[in-house]
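The values are calculated or read from the model by the stated rules, or taken from the named source; none is laboratory data. Computed from a prediction, not measured in an experiment: that's the story for all the values here. Positions of Cβ are generated from backbone atoms using ideal geometry, with glycine treated the same way; all protein chains shown enter the neighbour counts. Note: areas computed on protein heavy atoms with side chains; ligands, DNA, RNA excluded. Shrake-Rupley method; radii C 1.70, N 1.55, O 1.52, S 1.80 Å.
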Amino acid sequence: MKPDYAHTDTNKLSHTMDLIPSDMKSGPKALASASGMSGLNGEKNADPDIAFEHQEHGMDDPSFSGVTSTVKRAKFSGKENKVSDQPGFVLHSYPYKETSLIVDIFTRDYGRIALIAKGAKRPHSKLRGVLQTFQPLSISWSGKSEIRTLVAAEWVGGLLPLERSALLCGFYLNELLVKFLARDDAHSRLFDHYVATLNQLAHNEPPIIVLRKFELALLKETGFAGDLAISTTTAEPVEPDRIYVVDPERGPRHAQTADMWPRVSGKTLLDMERENYADATTQMQSKFLMRFLLAHHLGGTSLNTRQILIDLMQL
């Protein structure tokens, strides 16, 4: 049975740079690199497990420098031998040998996995036009190793294509998932949130709101954020009129004079928990707060999406 993707109807390029946390810096790279078209340098006959380890640690793909997840990767249990018709999206891909690809897939029930797509680079391969980012797919694979073999991939449909600034925002989402999600660690709720976010971007909903919702959902699902509506020092609900800082390891507390962390109002924290970003102050404070939290949990690992936008605007 094929997966059923939601159809829910859920800004301009020059403004998008301000929507994505601005501490994301790296060398200039083509947009195709972020979409998974960069390759292993000269590793045409590499063992796939070795190639995978190189890619995970950013040793061979300059466009995804430091592509390893900040979280320690989950150890693969080897329990699943064959999986059929699993909903999934391509996050990233890179060449393996002469005609194949290693594809990074985000699946609903199995999390982020790596698959070898044999022959996918051949001119007449059925997979050639299917393994594209932001397209809902039905994925089947087999194998017990950390890198399994792609058996089939079929386009499902149901989502509008991303264009212009929405496309860049999509690359940003994928890069966050690659860097925050451990391998073989299921996040079905985050998967559904990802589908909804792509839908919202495709329907031109404000990225400044859509991205903040996804960033917070990602940190919550991966265990890096708790309830922003509860003060960790008092265990009481935050007060809308008071000023707080968010300890990246503990959560919100009353701001102190010596604090160097971003200061936010209690109202902003409550709005973020309720996914209410109508207030301009909430939009501004949440952007700086999420920039700070993401940078902390990435541990200095840079993201490329913002630099790509800067390069495009200079053309």
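Which GluC sites (Glu not before Pro) in the range 142-239 pass both tests, a DSSP loop state and at most 13 other beta-carbon atoms within 10 Å?
Of the GluC sites (Glu not before Pro), the ones in loops of the range 142-239 whose Cβ has at most 13 other Cβ atoms within 10 Å are GLU163.
Could you sort out which of LYS97/LYS144; LYS121/LYS220; LYS97/LYS220; LYS144/LYS287; LYS118/LYS220 sit more than 30 Å apart by Cα distance in this structure?
Long pairs (Cα-Cα over 30 Å): LYS121/LYS220; LYS97/LYS220; LYS144/LYS287; LYS118/LYS220.
Once you order the gyration tensor axes a ≥ b ≥ c over the Cα atoms, which shape class does the range 103-216 get: rounded for a/c under 1.5, otherwise prolate or oblate by comparing a/b with b/c?
oblate
Which value, in Å², gives the accessible area per residue of the range 145-258 when a 1.4 Å probe is used on the protein heavy atoms?
Value for the range 145-258: 41 Å² per residue.
Please grab the % of Cα pairs in the range 196-315 that end up more than 26 Å from each other.
Of all Cα-Cα distances in the range 196-315, 23 percent exceed 26 Å.
Between MET284 and TRP155, take the C-beta separation as r, use R0 = 30 Å, and let me know the FRET efficiency to the nearest 0.05.
Given R0 = 30 Å and the Cβ-Cβ separation, E is 0.15.
Do any trypsin sites (Lys or Arg not before Pro) in the range 241-287 lie in a loop, going by DSSP, with at most 12 other beta-carbon atoms within 10 Å of their beta carbon, and if so which?
Hits after loop and neighbour filter: ARG250, ARG274.
Tell me the label-point distance for the pair SER145, ASP85, using the 7 Å Cα-to-Cβ offset, in nm and rounded to one decimal.
2.9 nm
Tell me, how many Å apart are the Cα centres for the range 160-223 and for the range 121-142?
21 Å
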